[in-house]
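This is the structure I have questions about; it appears just below.
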Amino acid sequence: MFKRILIVVCLISVVALPFALRPEKDSAERADETLVIITPHNEALRHEFGVGFRRWYRERMGKNVVIDWRVIGGTSEIARFLEGEYTAAFELYWTKTLGRQWSAEVQEAFQNPRLPAEASEEARMARAMFLQSEISCGIDLFFGGGPYDFIRQAQAGRIVDSGVMKKHPEWFRADVIPEEFAGEQYWDAQGRWMGTVLSSYGIVVNLDALKRLGVELPTRWDDLKNPRLFGEVALADPTKSGSIAKAFENVIQQQMQRRLTELMAQQPDATPEQLKQIEQRAVEEGWTEGLRLMQLIGANSRYFTDSSQKPPIDVAQGNAAAGMCIDFYGRQQQEAIERRDGPGRIAYVSPVGGSVNSVDPIALLRGAKNRAAAVAFIEYVLSMDGQKLWNFEPGTPGGPERFALRRLPVRRDFYEKTEFAALRSDPDLPYEGSEQLIYRPAWTGSLFREMSFVIRVMCLDTHHELRDAWRAIIDAGMPEEALTALQDLSAVDYAAASGRIRAALTSRNKADELRLTTELGNVFRERYARAKAIARATER
């Protein structure tokens, strides 16, 4: 009997102990208001902006606010979640409030910004009623991601004008937050989203691994196709991570820009009509060269992960020698390792002329229940108080509490304040630089999804075959005929991407995409098998 009582007491103690020892909630957590934010941002960023905003809001409003962070994955997962939540909410509004019949036509139409001319009156009404409504998905703000994701949300009607641009027009000027820089859009003219911080892309490397492999520090994207890096490159799936898809787009845009420069040098006196032809040729040839580079980087890859945060971690642990990542993931990993082991093991490199600074936006979601607090959070993030958190050292006046976020603020006037220089974790000046990649949306912006699809079929779905072929080519001394067979990308050239591939991806019949995936997968498997056979025959 005593043993039984002892066992019960022990079980109760195990359950109760965590509750007894947990720290008391501070006054800020006993909230007057709760703000719900969905984000792909990491824990360090959520902590610092949570602490900073609570303090800022209490000082100005005299109220305590708690942020309810919703973290479900990357921007692709967030986009699917928001679409599903708004669909469910609008169906309830359409059937219960309006008393109308729900149908597949209504479901497709209400978030569709491009209703065809032949769309029915019911479809047009559904779209109009959604845009006039305060339908809520239960979340107030969408914070973090890339402009592409927010542009799509704006087109669908899921994000709305917060009024911040009208309230603070002094922030949205060329000398503070420009509307566009180096071809990248930094805010929406209708006020539906605005950039809060800059992001670029680069290479995180394990210096010990590079030394072991006899590889020099990579400074350009091209360096990642080095055969000595076979099986040593960590990559993320561009169909799962919008940020990594943007990095891959930068690789392709750089090849297009290089080709344009070469062709212009060959024909310096070209007429305006000839210039158009030269540009089109540069775009088409640069697309293929960019995909070829991505193919060889993919051939060197150890894996393609669903999480864009995994490559820097694996590089730091020595599971890969190099990885492509967002700048702040690389910098944060470098700092974490240096704090623990000292400098000299991990480095982050921004490829020369290979990455453009894009923004991580923020937006107010339609039907936000906590609109006042949500708008205040947007103001805080864009104010100089919020901008300091991105790049000040921890513990500095106005800086983060615990974590160096290692990110570059979007406001140009931040970099003009000389008194900030000694407080910053990174001295970079993103609005300066002699060799600047200029992003041209007309080249690849409309093919963003198609590009990710091509890379998936070419590198992920056929990864085993690609690696085998590349290994055989390396072992055979890089025979030209085998490389030509491997890099035959005629099935996914620029014309195919903007033609049949786009048609399949935008088709209402999802089977069209599946059929094309199977067809192109078989094409690449056949070509990789042929390249492998040629290499082995050459080796013999």
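What follows is calculated from the coordinates using simple rules that are stated; it is not laboratory data. From a predicted model like this one, the values you see are computed outputs, not experimental measurements. Positions of Cβ are generated from backbone atoms using ideal geometry, with glycine treated the same way; all protein chains shown enter the neighbour counts.
What do you get for the angle between helix 510-539 and the principal long axis of the chain? Use alpha-carbon atoms, 0 to 90 degrees, nearest ten.
The angle comes out near 40 degrees.
Moving on to the next point. In nanometres, what is the gap between the two model label sites at THR219 and ALA117, each 7 Å from Cα along Cα-to-Cβ?
Simple spin-label model gives 5.6 nm for this pair.
Could you tell me the calculated FRET efficiency between GLN274 and ARG515, based on Cβ-Cβ distance and R0 = 41 angstrom, to the nearest 0.05?
Details: r = 40 Å, r/R0 = 0.97.
The value I calculate is 0.55.
Once you keep just the Cα pairs under 8 angstrom separated by 6 or more residues, what percentage relative contact order results for the chain? Could the numbers behind the result be given before it?
Values: 902 pairs, mean separation 97.2, N = 540.
Once normalised by length, the contact order is 18 percent.
Shifting gears a bit: Which FRET efficiency value, to the nearest 0.05, is calculated for ARG339 and GLU539 with the Förster distance at 56 angstrom and r the Cβ-Cβ distance? Before the final figure, lay out the partial values.
Details: r = 47 Å, r/R0 = 0.84.
So, using R0 = 56 Å, E works out to roughly 0.75.
What residues qualify as long-range amide H neighbours of ARG70, i.e. H under 5 Å apart, gap of 5 or more or another chain, H built at 1.01 Å from N?
Those qualifying (amide H under 5 Å, at least 5 residues apart or on another chain) are ILE37, ILE38, THR39.
What full-extension length gain, to one decimal in nm, is calculated for ARG471 and ARG58 as 0.36 nm per residue of separation minus the Cα-Cα distance? Present the calculation step by step, with values, prior to reporting the outcome.
Working: separation 413, 0.36 × 413 = 148.68 nm, distance 6.02 nm.
Roughly 142.7 nm would be gained on extension.
Still on this structure, I have one more. If you line up the long axis of helix 371-382 against the longest principal axis of the chain, both from Cα atoms, how many degrees apart are they, to the nearest 10?
The answer is roughly 50 degrees.
Sorted from largest down, what three extents in whole angstroms do the Cα atoms of segment 133-220 have along their principal axes?
61, 35, 17
Between ALA491 and ILE438, what is the label-to-label distance in nm when each label sits 7 Å out along the Cα-to-Cβ direction?
In this crude label model, ALA491 to ILE438 measures out at 3.6 nm.
How big is the dipole moment of segment 325-461 about its Cα centre under a simple scheme where the beta carbon of each Lys and Arg is +1, that of each Asp and Glu is -1, and everything else is neutral? Debye, nearest 20, please.
On the way: 18 positive and 18 negative charges, 106 e Å.
I would put it at about 500 debye.
Roughly what would the spin-label model give for ALA174 and LYS211, points 7 Å off Cα along C-beta, in nm?
4.9 nm
Tilt of helix 2-21 relative to the longest C-alpha principal axis of the chain, in degrees (0 to 90, nearest 10)?
For 2-21 against the chain, the angle is about 80 degrees.
Hey, with R₀ at 22 Å, roughly what FRET efficiency would GLN155 and THR87 work out to, going by the Cβ-Cβ distance, to 0.05?
Step by step, r from the Cβ atoms, then E = 0.90.
Just the ratio, please: alpha-carbon radius of gyration of segment 30-183 over 2.2 N^0.38 Å, N its number of residues.
So segment 30-183 has a normalised radius of gyration of 1.23.
Further, regarding this structure: With just the Cα atoms of segment 173-328, tell me how far they stretch along each of the three principal axes, in Å, largest first.
Dimensions of segment 173-328 along the principal axes of its Cα atoms: 52, 42, 27 Å.
Further question: On a C-alpha basis, how far is the centre of segment 132-190 from the centre of segment 289-339 in Å? Whole number, if you could?
Going from one Cα centre to the other spans 30 Å.
Express in nm, to one decimal, how much length is gained between ARG500 and GLU419 on full extension, taking 0.36 nm for each residue of separation and deducting their alpha carbon distance. Each step should come with its number before you reach the end.
On the way: separation 81, 0.36 × 81 = 29.16 nm, distance 5.52 nm.
Going from the current span to full extension adds 23.6 nm.
Tell me the volume per residue, in Å³, of the convex hull enclosing the alpha carbons of segment 423-520.
Working: hull volume 21.0 nm³, N = 98.
So the per-residue Cα hull volume is 214 Å³.
If you consider only alpha-carbon coordinates, what radius of gyration and Dmax does segment 363-405 have, in Å?
Taking only Cα atoms of segment 363-405, I get Rg and Dmax of 12.9, 38 Å.
Given that compact globular proteins tend to follow 2.2 N^0.38 Å, what is the ratio of the alpha-carbon Rg of the chain to that value?
Numbers: Rg = 25.8 Å, N = 540, 2.2 N^0.38 = 24.0 Å.
Relative to the rule-of-thumb radius for its length, the chain sits at 1.07.
Using the Cα centre of the chain as the reference point, and only Cβ charges (+1 on K/R, -1 on D/E), how large is the resulting charge dipole? Debye, rounded to the nearest 20.
Details: 69 positive and 74 negative charges, 319 e Å.
Around 1540 debye, computed over the chain.
State to the nearest 20 debye the size of the charge dipole of segment 293-392 about its Cα centre, where the only charges are +1 on K and R beta carbons and -1 on D and E beta carbons.
220 debye
Under the Kirkwood approximation for Rh and a Cα-based Rg, what ratio Rg/Rh is obtained for segment 308-355? List each step's numbers first, then the result.
Numbers: Rg = 10.4 Å, Rh = 10.9 Å.
Rg divided by Rh gives 0.95.
In addition: Can you tell me which of 443-455, 193-205, 486-498 comes out highest on packing, and rank the rest after it, using the mean Cβ neighbours within 10 Å?
Working: 443-455: 21.1, 193-205: 25.7, 486-498: 17.6.
Put in order of decreasing packing, that is 193-205, 443-455, 486-498.
Same structure, new question: Can you give the three extents of the C-alpha atoms in segment 95-170 along their principal axes, from longest to shortest, in whole Å?
Principal-axis extents of segment 95-170 (Cα, largest first): 45, 27, 22 Å.
Also: Please report the projected area of segment 289-394's Cα convex hull averaged over all directions, in nm². Before the final figure, lay out the partial values.
Working: hull surface 41.0 nm².
With every direction weighted equally, the projected area is 10.3 nm².
If you don't mind, another one. Please give the length that would be gained between GLN317 and SER507 if that part of the chain were fully extended, namely 0.36 nm times their separation in residues minus their C-alpha to C-alpha distance (nm, one decimal). Walk me through the intermediate numbers first.
Details: separation 190, 0.36 × 190 = 68.40 nm, distance 4.30 nm.
Residue separation times 0.36 nm, minus the Cα-Cα distance, leaves 64.1 nm.
Pick out, from GLN185, PHE328, GLY84, the residue whose Cα sits farthest towards the positive end of the charge dipole of the chain, with +1 on the Cβ of Lys and Arg and -1 on the Cβ of Asp and Glu.
Going by the charge dipole, the pick is GLY84.
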